[in-house]
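A short reminder: the numbers here are calculations on the coordinates, not readings from a lab. A quick note: this is a predicted structure, and the numbers were derived from the prediction, not measured. Neighbour counts are summed over all protein chains in view; Cβ atoms, including those assigned to glycine, are modelled from backbone coordinates with ideal geometry.
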Amino acid sequence: MALEDYRRDIEGCSRCSSCKWVPYNQIKSWRFSKNCPSIYRHNFHTYSGSGRMVIGLSLLEGRVELDETVAEIIYKCQLCGACDSACKTYRDDIDISEVLLELRAYCVEQGELLIEHMAMIDALKREGNTLGEPKAQRGDWAEGLDVKDVNAETCDVLFHAGCRYSYDRDARQTARGHVQLMRSAGMGVGIAGKEESCCGGRAYELGYRGEAANYADDVLSLVKSSGAKTLVTACADCYSHFQYVYPKMGKELPVEILHVSQVTEKLLDSGKLRFRRKLPLSVTYHDPCHLGRKGEPFAGVWKGDKLDRPMNLKRSGRKGVYDAPRNVIDEIPGLELTEMERIREYAWCCGAGGGVLEAFEDFSASTTAERIAEALATGAEALVTSCPWCLRVFKDAVEETSACIAVYDLTDLALMSAGIAQPAAV
């Protein structure tokens, strides 16, 4: 689709500014009432979801030219989807998130590109990941693990580590833990190692649709040849793109797609995983944007008037993965969960998404700092999440500011409570 295809959404925006706030009946305090990191940081209407709708209409009607300044405003957005979820509370016939994506695709089509994003795409083309790390080392994180190589044999469960877990040395131990947790429950797990492809999600969100489609083809081909019935990923970004973007592009994966938190919940329910060790810790949980509101499965495209669109085709943000991580936390003896004010489909973004971390470091950092402040306000001793990108920025922020809060991946806590030893990362 193109920007023009969303003209009706853009023209329908009533400029009510509801996209800037947590829905009023969900606000717990003035301090944590905003939901849009961009308007929170820049405090000018054009940086809001509604403001970017105005930009879209101005571009469509030729009232403004796309230049460096306009493109920068378009890209100063984590694409967290909070504006869309808030808007849907009042106007479920408007899809702000889709318009924001089309604005970026329009920037790429018109050649108005950010240098930092061009570097990411160059790295993706050269090494198969946006981090610019050697493709030959993509599978090093799994050295010594008891897993199948799907390049040589088939498997029932294919584990997709994703770029951040594959290359971030601080996260490798957690990546190994994801596999060890499944193996301890008797699951036969296969990985693609150095042949694993980037999901292409970052390319899609930056507006590079051709590159995103190429990587979707790579993943689709690998999944088919693996013989897997289930695809498990620990990366929230990968999960979102597998569930929503791939079928939207006509490249639906012919397998059940699960996030590792859902697998953990299933193993607990079946009795194949048991938590024995008590962890006396007060925690709060951060909902990753791509696992939560952007983790809704693709339900199809409605061709008619969106006022007549049935509920099952509306992406409200409420059908993401929210319960599984919390159910796992509830099962760990000794953990006491205290929720932040902005949770589930109204959760505040970690700051790492949409190319902001790479292009606008200060903006990303301010977004992360706001979430850390909200976590600290709960009085919790630890912040728990289920996404490697969230984990990375939270750990960096806590280390830089010496904030009095620990940061954990949910799987790390599950392994500790289950008493499952993790082989040392290489």
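Some observations on this one:
- Helix 115-127 vs. the chain, principal-axis angle (Cα, 0 to 90°, nearest 10): 40
- Shape box of the stretch 118-157 [Cα atoms, principal axes, largest first, Å]: 37, 19, 15
- With each label modelled as a point 7 angstrom along the Cα→C-beta vector, the His42-Glu153 pair spans 5.3 nm.
- Axis of helix 260-270 versus longest Cα principal axis of the chain: the two differ by about 50°, to the nearest ten degrees.
- Long pairs among Lys224/Lys294; Lys125/Lys266; Lys28/Lys88; Lys20/Lys266, criterion Cα-Cα beyond 29 Å: Lys125/Lys266; Lys20/Lys266
- Available extension along the chain between Lys194 and Met118 is 25.0 nm, counting 0.36 nm per residue and deducting the alpha carbon span.
- Restriction of the GluC sites (Glu not before Pro) in the stretch 20-69 to DSSP coil positions whose beta-carbon has at most 13 other beta-carbons within 10 angstrom yields Glu61, Glu65.
- Shown here for the stretch 1-88: chymotrypsin sites (Phe, Trp or Tyr not before Pro) in loop regions (DSSP other than H, G, I, E, B) with at most 10 other Cβ atoms within 10 Å, namely Trp30.
- Using 0.36 nm per residue and subtracting the Cα-Cα separation, the extra length available between Glu361 and Lys229 on full extension is 43.6 nm.
- Rounded to the nearest 20, the Cβ-based charge dipole of the stretch 1-113 about its Cα centre (Lys and Arg +1, Asp and Glu -1) stands at 900 debye.
- A Förster distance of 30 Å, applied to the separation of the beta-carbon atoms of Leu376 and Asp323, puts the FRET efficiency at 0.75.
- Placing R0 at 51 angstrom, the Cβ-Cβ distance between Gln137 and Asp330 gives a FRET efficiency of 0.85 after rounding to 0.05.
- Label point at Asp170 placed 7 Å out along Cα→Cβ; residues across the stretch 130-163 whose backbone nitrogen lies under 19 Å: 130-133, 141, 162-163
- Charge-dipole axis of the stretch 1-113 as Lys and Arg at +1 and Asp and Glu at -1 on Cβ define it, positive-most pick from Leu101, Thr89, Gln78: Thr89
- Using the Cβ-Cβ distance between Glu61 and Ser270 with R0 set to 56 Å, the FRET efficiency from 1/(1 + (r/R0)^6) comes to roughly 0.50.
- Low-density loop cleavage sites - trypsin sites (Lys or Arg not before Pro) in the stretch 249-328, where at most 13 other Cβ are within 10 Å (DSSP): Lys272, Arg274, Arg276, Arg277, Lys278, Lys303
- Listed values for the stretch 319-327 are Karplus-derived 3J(HN,Hα) couplings in whole Hz (6.51 cos²θ - 1.76 cosθ + 1.60, θ = phi - 60°), namely 9, x, 8, 10, 6, 4, x, 5, 5, and x replaces Gly and Pro.
- Compared with the dominant principal axis of the Cα atoms in the chain, helix 209-226 is inclined by about 30°.
- Kirkwood Rh, Cα atoms: Rg over Rh of the stretch 203-295: 1.07
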